[in-house]
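Input: a single structure, listed below in structure tokens.
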Amino acid sequence: MIDWTDRHCRYLHRQISRHALLYTEMVVADAIIHGPRDRLLGHDATEHPVALQLGGSDPAKLSQALRIAEAYGYDEINLNVGCPSDRVQSGTFGACLMLTPETVAACVSAMKAVSKAPVTVKCRIGVDEQEPEEALPELMTQVLDAGADAIWIHARKAWLKGLSPKENREIPPLDYEIVYRMKQRWPDVFIGINGGIQTLDQAEAHLAHVDGVMLGRAAYQNAAILADVDHRFYGAQAVETDWNALRDLMMAYTERHIAEGGRLQHVARHMVGLFSGLPGSRRYRQILSTDANKPGAGPEVIAAAFAAVDFSGEGERVSA
């Protein structure tokens, strides 16, 4: 979710669900060591629980990055060995690390030595010509022996050559059953599932077999899906979402961001898919996509966009 789940996106999602664990976009260890740390690691206090997702393949650098990140108080540290993008592969991390599980284990061991927060791993079921029934248990055995606290599994292979990142999310077939089998093999280990999960009904079905469900683009492209998460999965009282209150919170947040030198578009771009399918959602998207980019655009654009939506659902539905 590089360039997607930044601090502004996470702030929005936290206003909709108070309990779901949020993940940062993947941050490379070298960037934390040498780059703008506050911009890369800073987050609003309301985002908790929030996990820092790291990319890297050098145990010493990951350890150093975590010492720096410790001051930012993340609730979980996740090592991503599932991302197949060319940008990630060129740095010799992400999904290509599934070819060297001993390297992943060394990274986990180094991270556990310095992290006060749980250290988890996100992986694929295999890459390229690997046989998932062999590659996935081998990776899991090594990282769990190294001290990993949980494993998140994207239930697809990644093809490092010949497929784009988008194609890697769509073309390799999903194999949820292998993730279920890993849970049966390691019943005492937290194992979560990811990949192709579009609805909360689907999430609930998976939770009959595994411990957690990760929503990626489904939650980004229609964040309103998060509105029922707290009641359905965390036992919170069922309440109607106050969309006007969300509007006011996002307007106030945007006003603070602009006062600090930011732009409306930094926040508004994450809100475009919020009301997919509701009457007025097309006009809502048009306003945010067009007016938020204009010079001097301010929080009033958010108010105008929300005003276009019929939250009663009684108007004529439009295609999402």
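Results, tabulated for the structure shown:
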{"read-out": "Output for segment 234-256, where each listed residue is more than 30 Å from residue 211 (Cα to Cα) and among the polar types (S, T, N, Q)", "value": "244, 254"}
{"read-out": "Selected residue (only one of 207, 160, 139 is surrounded by fewer than 21 Cβ atoms within 10 Å (Cβ to Cβ) and at pLDDT 95 or above)", "value": "207"}
{"read-out": "Looking only at segment 13-40, and only at residues there that are buried (at least 21 other Cβ atoms within 10 Å of the Cβ) and out of contact with any strand residue (DSSP E or B) (no Cβ under 7 Å at 6 or more places or on another chain), the one that is nearest to residue 264 (Cα to Cα)", "value": "17"}
{"read-out": "Selected residue (criterion: farthest from residue 57 (Cα to Cα)) from residues of segment 95-124 that are open to solvent by 10 Å² or more (accessible area, probe 1.4 Å) and aliphatic (A, V, I, L, M)", "value": "117"}
{"read-out": "Search result, residues across segment 41-54 that are crowded, with 17+ Cβ neighbours inside 10 Å, in a helix (DSSP H, G or I) and among the β-branched types (Val, Ile, Thr)", "value": "none"}
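To keep it simple, each residue is scored yes or no on (1) crowded, with 16+ Cβ neighbours inside 10 Å; (2) farther than 28 Å from residue 2 by Cβ; (3) among the polar types (S, T, N, Q).
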{"site": "236", "(1), (2), (3)": "no, yes, no"}
{"site": "250", "(1), (2), (3)": "yes, no, no"}
{"site": "272", "(1), (2), (3)": "yes, no, no"}
{"site": "276", "(1), (2), (3)": "yes, no, yes"}
{"site": "293", "(1), (2), (3)": "no, no, yes"}
{"site": "299", "(1), (2), (3)": "yes, no, no"}
{"site": "303", "(1), (2), (3)": "no, yes, no"}
{"site": "308", "(1), (2), (3)": "yes, yes, no"}
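The values are calculated or read from the model by the stated rules, or taken from the named source; none is laboratory data. Source: prediction; values computed, not measured. Because the Cβ atoms are built from the backbone with ideal geometry, glycine has one as well, and the counts that use them run over all protein chains shown. Just so you know, the surface numbers come from the protein's heavy atoms only, side chains and all, with ligands and any DNA or RNA stripped out. Shrake-Rupley method; radii C 1.70, N 1.55, O 1.52, S 1.80 Å.
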